[in-house]
Amino acid sequence: AGFWPDALHVVVGESGAGKSTILSLLYRFWDLQSGNIKINSTEINAYDVNYIRNQICVVSQDMFLFHDTIRNNIALGLQQDQSEIEQAARAACIHDFIVSLPDGYDTVIGEKGINLSGGERQRICLARAFAKDASVWILDEATSALDQITEKKVLENLKYRVKGKTMILITHRLQSVTDADCIHVLRNGRFIAEGAHEELLVSNEYYKKL
């Protein structure tokens, strides 16, 4: 499969199809045993691991937050001023919730964000991604805890920032991806089709079944 910049790509498939494996390979958690992955026509293993990870922003379904303030959880060591942090939070649709708290952005959220709901934790992790603003974004079920209205707003904000970036959304919630630039269909570890939503509904029975 080919993932090009200036586009929102979506990877779909049943559980166990290999969607999250793609994240592990791109982020170099695992190295390839066969086949190849190329970035800008260069084999991924030719790049330094730290360089690759600095260029890629990952938001996974396994959300990790620190026992620290919301501000520090979003910035995550980046030199961000308050306006940049707020801009990222607005894009993730979490700003209004944060400012409603007595301590606002200085609220300490507890170990692993225990004081927050699943949707709130997920939106803070998404705000972290907006703050980092990397060249390649990989969102692995990163909106699964959001209601459909909030998810739609977040995806609209993603598409607004897509210029010059490659965005890959891994999901099984097909109702949220119909406006993607390209949908890649994964089955049993292999890409079997790719295209726009309406095109795939006509041309691919497996996608239609999903």
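With a 1.4 Å probe and all protein chains left in place, how much of the accessible area of the range 116-210 comes from carbon and sulfur atoms, in whole percent? If you can, show how the numbers build up before the last one.
Working: 2110 of 4510 Å².
Using a 1.4 Å probe with all protein chains present, the range 116-210 comes out at 47 percent carbon and sulfur.
Given Cβ point charges of +1 (Lys, Arg) and -1 (Asp, Glu) and nothing else, what value in debye, to the nearest 20, does the dipole of the range 1-77 about its Cα centre take?
Values: 5 positive and 7 negative charges, 14 e Å.
With Lys and Arg at +1 and Asp and Glu at -1, about 60 debye.
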Cα Rg, Dmax (largest Cα-Cα span) when computed across the chain, Å: 17.5, 53
Residue-by-residue Karplus 3J(HN,Hα) for the range 205-210, coefficients 6.51, -1.76, 1.60, Hz, glycine and proline x: 5, 5, 5, 4, 5, 4
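At 0.36 nm per residue, minus the direct Cα-Cα distance, what do D31 and N115 gain on full extension? Give it in nm, one decimal, please.
Using 0.36 nm per residue and subtracting the Cα-Cα distance, I get 26.6 nm.
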Whole-angstrom gap from the range 56-108 to the range 111-146, using each part's C-alpha centre: 9 Å
For the chain, size of Cβ-based charge dipole, Lys and Arg +1, Asp and Glu -1, in debye: 340 debye
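Please identify the helices of the chain, taking whole runs of DSSP H, that span at least 20 Å along their own axis as judged from the Cα atoms and have a mean Kyte-Doolittle score of -1.0 or higher.
Values: long enough: 118-132 (21 Å, -0.41).
Helices passing the filter in the chain: 118-132.
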Most to least packed among 179-188, 116-125, 71-80 [average Cβ atoms within 10 Å]: 116-125, 179-188, 71-80
Estimated 222 nm signal from helices in the chain, with DSSP H stretches of n ≥ 4 weighted -39500 (n - 2.57), rounded to 500: -10000 deg cm²/dmol
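What's the longest uninterrupted piece of the chain once you rule out the chymotrypsin sites (Phe, Trp or Tyr not before Pro) that are loop residues per DSSP with at most 14 other Cβ within 10 Å? Provide the component values of the computation, followed by the final result.
Numbers: sites that count: F29, W30, F64, F66.
Result for the longest clean stretch: 67-210.
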Placed amide H near D140: partners under 5 Å, 5+ positions off or other chain: V59, S60, Q61, I170
Residue among L101, A193, L8 farthest towards the positive dipole end of the chain, charges placed on Cβ: A193
Relative contact order for the chain, counting Cα pairs under 8 Å that sit 6 or more residues apart, in percent: 35 percent
Antiparallel bridge percentage (DSSP; both residues within the chain; nearest 5): 30 percent
Estimated vicinal HN-Hα couplings, Hz - the range 64-70 in sequence order (Karplus 6.51, -1.76, 1.60; Gly, Pro = x): 10, 10, 9, 6, 7, 6, 4
Cα-based Rg / Dmax (Å) for the range 60-169: 12.9, 38
Separation of the Q175 and F191 label points, Cα + 7 Å toward Cβ, nm: 2.8 nm
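The values are calculated or read from the model by the stated rules, or taken from the named source; none is laboratory data. Model, not experiment: these values are computed from the prediction. Quick reminder, even Gly has a Cβ in these numbers, built from the backbone with ideal geometry, and neighbours come from all protein chains shown. Just the protein is used for accessible areas: all its heavy atoms, side chains included, with ligands, DNA and RNA removed. Shrake-Rupley method; radii C 1.70, N 1.55, O 1.52, S 1.80 Å.
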